[in-house]
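In what follows, a structure is listed as structure tokens, so that the remarks can point back to it.
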Amino acid sequence: MRAFAIATRAWCLHEALKLWYIPASPLWKTLSWLIVLASSARPAPKTFALALVVRLADTLSIMPVMWDSYYWCLQVDGGLLLCVGYLALVRGLSADSHADSLAAWWATTARQQLAIFYLAAGVWKVNTSFLDARTSCAPIFVLTLLQTLGYTPPPLRASQLALLAPGVTILGELTIGILLLLPSRAAVRIGVLSALLLHLGIALTPPPNNATPFSLTCVVRLLITESAAVARAWNEMGASGSGIGQYLATPAIGMLLASLCMGICYRRALAFPPTALGAELDWWVGTYTCLAVLMARAMYSDVANLPTPTTKSLARGLRPALVLLALAYAFGGPLLGIHDLGACNMYSNLRMYAGTNHLFLPTGLIGHVWSEATQLVRVEQSSSAYINSIYPGEVTSQIAPGELSLLADAGHSAHMFNAMKARILGPAFAPAHAAFHRYTVTALEMKRLLAEARATGEKFEITYTLLDATGGDERWRRDSLGRTVTLKEDGKGKRSCTVGCGPLELIPCPCAADELPLQPPPSYWASKTLIQQPYPIVDDAHKWEGELVCFGP
């Protein structure tokens, strides 16, 4: 099998799993299935380009409410589509006759893009809240994973691991990114193997953080970066004279490890019911493990003399443009503070508006020209079932009791929030009976929330405070004074908006015409390109004064 066919079929396998599990309209799903299957059956650039168009259109239709991995795929997969289009429309060449060159061009381009994404994921974690073992997301992942694997460290060892977890996480992601960018073939191979190990840990991490689809997304894109090596390993397994043992060794190891990993996840789900996903076999984990074993087999093979088709003149200037786009996405969004969902800041505890907690990079720069994107609103109370189901999104109740005890013994806050999970998957996936915590959002996000709640037709009341400055520390975010507004909606279009006025702001006065509830919802383009997370306020935050508790994604 050739490199382009390997990359295409791995991509089709991933898309097939997404189509199987992710809801879509019957007509669109049927069309997508047919095109993906046709592309897998005949992995030629022309048929694959059509599959890319259909699946990328699906991704664009749900922006910006989607995971960071979707943005990664949008750029990695879109790069090949642009290259095929360039060959056909600009140079008048048949893409099918350049399949090997396309595979090599895609591999190099995708590797550089992925390297930037891994680097950004590490860089944005260099902030005070992530580095603080009491509030960082890293100890949650590390300690709950260890318990899932059967090891429960004693309190002293757990606290030591919690202290190490943030730094090790940052070092690991930065190392993978750097290795993937180095010209040394050996360094790239080590980087790929390190990434496989990282994503295996992510895949085995228990709910609510079991991001197995993310791990599968990454192993498929890593396979694309090494499609020539994987093709060679695949062909060697089936070569005449290789022997039945060599032919079956890699698949057998893959299935054995896949069964083991699926069993670990299933055992954990049975041990701590109920979980958000229930006790069921996680086929994403099994698929990831099989592909990871194939990738490891390819990386350990001797590929030093593997012929690489020339790609320098294939699409001159396109790769640098795609790399610059990757840099703009990975670093520009957080720097501006306009891309808080789907950015390369997953579980980083990063403040992207109303002040930054990063050690050396600014965030929220757009606030200098667009105050609505950084003006902070603190939600004091809300009776809206819709709003409360997604914001502030505490998922602590989905962590097993034993895991919470382990975190507490390690000195961690044992609080975790993930409002974007409910926003992406829907309010039905939000934890039931979660305690209400105050939280802050931007004025723009508040207008979005109100518009969405009104669309449900529910009757609700919400009180918020428009804070008296555009930025400050955690104490300011929790205790700052400002203009307090109460909105009452009857669910039928009638509303009452009052603001506290008088000497002690105890007298309810009618809202001015420019108050947030009386303004129109965000424009189409603002809604399509910008979504910002809520930052929770935990009552006992004095224990970790000045730091944000863990929130994601």
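Students often check this: by mean Cβ neighbours within 10 Å, which of 7-20, 342-355, 521-534 ranks highest, and how do the rest follow?
342-355, 7-20, 521-534
Can you find, among 467, 525, 270, the residue sitting farthest towards the positive end of the charge dipole of the chain, where Lys and Arg contribute +1 and Asp and Glu -1 at Cβ?
Ranked along the dipole, the leading option is 525.
Give the peptides 254-262, 229-237 in descending order of average Cβ contacts within 10 Å, highest first.
229-237, 254-262
Determine which residues of region 474-510 fall in the zone a paramagnetic label at residue 459 would reach in this model, i.e. backbone nitrogen under 14 Å from the point 7 Å along Cα→Cβ.
Only 488-496 pass the distance filter.
Output wanted: per-residue J couplings in Hz (rounded whole) for region 471-480, from phi through Karplus 6.51 cos²θ - 1.76 cosθ + 1.60, θ = phi - 60°, x for Gly and Pro.
With coefficients 6.51, -1.76 and 1.60, one gets x, x, 8, 5, 5, 4, 5, 7, 10, 4 Hz.
Nearest 10 degrees is fine. How inclined is helix 155-181 to the longest principal axis of the chain, computing both from alpha carbons?
50 degrees
For region 105-120, what does the Karplus curve 6.51 cos²θ - 1.76 cosθ + 1.60, with θ = phi - 60°, yield as ³J(HN,Hα) per residue in whole Hz, taken in order and with x for Gly and Pro?
Calculated HN-Hα couplings, in order: 4, 5, 4, 5, 5, 5, 5, 5, 5, 4, 4, 5, 5, 5, 4, 5 Hz.
In nm, to one decimal, how far is the modelled label at residue 476 from the one at residue 380, with both set 7 Å along Cα→Cβ?
2.1 nm
Tilt of helix 283-300 relative to the longest C-alpha principal axis of the chain, in degrees (0 to 90, nearest 10)?
Once rounded, the angle reads 50 degrees.
In region 436-453, which residues have a backbone nitrogen under 18 Å from the label point lying 7 Å from residue 371's Cα in the Cα-to-Cβ direction?
What the label zone holds, given the 18 Å backbone N cut-off, is 441-447.
For residue 20 and residue 267 in the same chain, what is the full-extension length gain: residue separation times 0.36 nm, less their Cα-Cα distance, in nm?
Result for the pair: 86.5 nm of gain on full extension.
How far, in degrees from 0 to 90, does helix 185-204 lean away from the longest principal axis of the Cα atoms of the chain, to the nearest 10?
Roughly 50 degrees, rounded to the nearest 10.
Calculate, for residue 514 and residue 27, the FRET efficiency according to 1/(1 + (r/R0)^6) with r their C-beta to C-beta distance and R0 60 Å; round to the nearest 0.05.
The value I calculate is 0.85.
Distance check, please: which entries in 459/528; 18/447; 447/492 exceed 21 angstrom between their Cα atoms?
The answer is 459/528; 18/447.
Using alpha carbon centroids, what distance separates region 484-515 and region 382-461, in Å?
Each part reduced to its Cα centre gives a spacing of 25 Å.
Using 0.36 nm per residue of separation minus the Cα-Cα distance, give me the extension gain between residue 2 and residue 186 in nm, one decimal.
In short, 64.0 nm is gained.
Return the sequence-ordered ³J(HN,Hα) values of region 397-402 in whole Hz as given by the Karplus equation 6.51 cos²θ - 1.76 cosθ + 1.60 applied to θ = phi - 60°, using x for Gly and Pro.
Ordered by residue, 3J(HN,Hα) equals 5, 8, 8, 4, x, x Hz.
Check cross-link reach from residue 29 to the aspartates and glutamates: straight Cα distance under 20 Å, and skip same-chain residues fewer than eight apart.
Candidates past the 8-residue exclusion: 15, 58, 77.
Find how much the distance from residue 452 to residue 327 grows on full extension, using 0.36 nm per residue of separation minus their present alpha carbon separation; answer in nm with one decimal.
Residue separation times 0.36 nm, minus the Cα-Cα distance, leaves 41.8 nm.
Could you check the spin-label model distance between residue 237 and residue 528? Points 7 Å from the Cα along Cα→Cβ, value in nm.
Rounded to a tenth, the inter-label distance reads 4.3 nm.
So what's the back-of-envelope 222 nm ellipticity for the chain, counting only DSSP H runs of four-plus at -39500 (n - 2.57) apiece and dividing by all residues, rounded to 500?
For the chain, the value works out to -17000 deg cm²/dmol.
Using r as the Cβ-Cβ distance of residue 495 and residue 156, and R0 as 41 Å, what FRET efficiency do you calculate, to the nearest 0.05?
With R0 = 41 Å, the Cβ-Cβ based efficiency is 0.15.
Rank by packing, highest mean first: peptides 195-206, 317-328, with packing defined as the count of other Cβ atoms within 10 Å averaged across residues.
195-206, 317-328
Using a 7 Å offset from the Cα along the Cα-to-Cβ direction at both residue 468 and residue 82, what is the distance between the two label points in nm, to one decimal?
Taking the simple label geometry, residue 468 and residue 82 are separated by 4.9 nm.
Quick note: the coordinates plus some simple rules give every number you see, no bench work behind them. As the structure is a computational prediction, the values presented were derived from the model and not from experiment. Cβ atoms come from the backbone with ideal geometry, glycine included; neighbour counts cover every protein chain shown.
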